[in-house]
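K.L.:
Dumping the structure here so I can ask a few things about it.
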Amino acid sequence: KYGLPPEILHSVARVESAYDPRAVSPKGAIGIMQLMPATAAGLNADPRDPAQNVDAGARHLRDLLVQYDGAAKKALAAYNAGAGAVEKYQGVPPYPETQLYVEKVLQNYHKMTAAAGGQ
C-alpha cells in the first residue's frame, strides 16, 4: 500500500512488539508498531487499534525513508530514537538501544527476504 516491502514491516513489528497489539513500552509507545501517542495523533490513527497502528506505522516508516532518501539505517534509527537524534548525530545515534534495534530489524529483514527468495 505504501510501497514498502512487507518484510520490512514484519521486521519492525517483530522487533518492536513481537506482534503484540497490547504492548506498551516504558516510554509510552503503543501497539504492534510501537507508536508514540503524538506520532499516532499526527497520523490520525488510534494506536490501540491494531489495523490503524500497523497502517500508521507503515506510513511513518515510509515518510522517514523518503526524508532520508531511502537510507534504511537512518530511517529505522529515526523510527526508534526520533528524527531529532538522527539529525543531531548525522546518522544512527550512539545509543546502544537504537544501534541494536537497527541491527535486529535489518537482520530480520534480510532473513525474511532470503527465505522468500528460496535461498
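The values are calculated or read from the model by the stated rules, or taken from the named source; none is laboratory data. No experiment lies behind these values; they were computed from the predicted model shown. Here Cβ is always computed from backbone atoms with ideal geometry, including for glycine, and neighbour counts include all displayed protein chains. The protein model used for the area step is the full one, side chains on, heavy atoms only, and it has no ligands, DNA or RNA in it. Shrake-Rupley method; radii C 1.70, N 1.55, O 1.52, S 1.80 Å.
K.L.:
Restricting the search to segment 93-113, which residues are assigned to a loop (DSSP other than H, G, I, E, B) and either touching a strand residue (DSSP E or B) at 6+ places or on another chain (Cβ under 9 Å) or open to solvent by less than 50 Å² (accessible area, probe 1.4 Å) (or both)?
P.N.:
P93
K.L.:
Under 8 Å by Cβ, and 6 or more places apart or on different chains, what pairs join a residue from segment 90-119 that is over 18 Å from P5 (Cα atoms) and in contact (Cβ under 8 Å) with a residue 24 or more places away in the chain with one that is open to solvent by 80 Å² or more (accessible area, probe 1.4 Å) and assigned to a loop (DSSP other than H, G, I, E, B)?
P.N.:
Matching pairs, first to second residue: none at all.
K.L.:
Keeping to segment 35-84, report how many residues are assigned to a helix (DSSP H, G or I), open to solvent by 50 Å² or more (accessible area, probe 1.4 Å) and out of contact with any Phe, Trp or Tyr (no Cβ under 7 Å at 6 or more places or on another chain).
P.N.:
13
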